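Single-structure report; data block below.
Read the figures in this text as sums done on the coordinates, not as results from a lab. Just so it is clear, the model here is predicted, and its values are computed rather than measured. A quick note on method: Cβ atoms are made from the backbone with ideal geometry, for glycine too, and the neighbour counts reach across all protein chains shown.
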Amino acid sequence: MIEEDILQYNELIDNFRRLDSSNYTNAYKLAQTSIMLADRWNEIMLNSVQYSKEYEVTKSEFSNYAYQKYKILMKIHDFARMIYRQGSYGITNNFYNED
């Protein structure tokens, strides 16, 4: 079960690496997916006692691992949301309207 969550996380990270600021429709999808995965990793963190026994690590180690995934997903969500907003309003990412 966690293995599938890790695969989804890694796939999202790969999609984030390929994110281009001009493709704001992909940024919207990325923001949606990242917030849903963040919620899932929050749930995983909540059940860290169960998972830590299953994977033979301490509760604090597993909880910290899940929390770091959660934090990264939230940052991706915020960044992708910003890209989407800029693209949907036609805001360019340059200084002093330089091309």
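Structure data summary
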read-out	value
Residue check for VAL57: among the hydrophobic types (A, V, I, L, M, F, W, C) and exposed (fewer than 13 other Cβ atoms within 10 Å of the Cβ)	no
Verdict on GLU3 being over 10 Å from the mean Cα position of the chain (by Cα), over 30 Å from TYR89 (Cβ atoms) and surrounded by fewer than 11 Cβ atoms within 10 Å (Cβ to Cβ)	yes
Pair list, Cβ < 7 Å and 6+ apart or interchain, from region 14-35 residues that are touching a residue at least 40 places away in the same chain (Cβ under 8 Å) to residues that are hydroxyl-bearing (Ser, Thr, Tyr) and crowded, with 17+ Cβ neighbours inside 10 Å	TYR24/TYR84; ALA27/TYR84; TYR28/TYR84; ALA31/TYR84
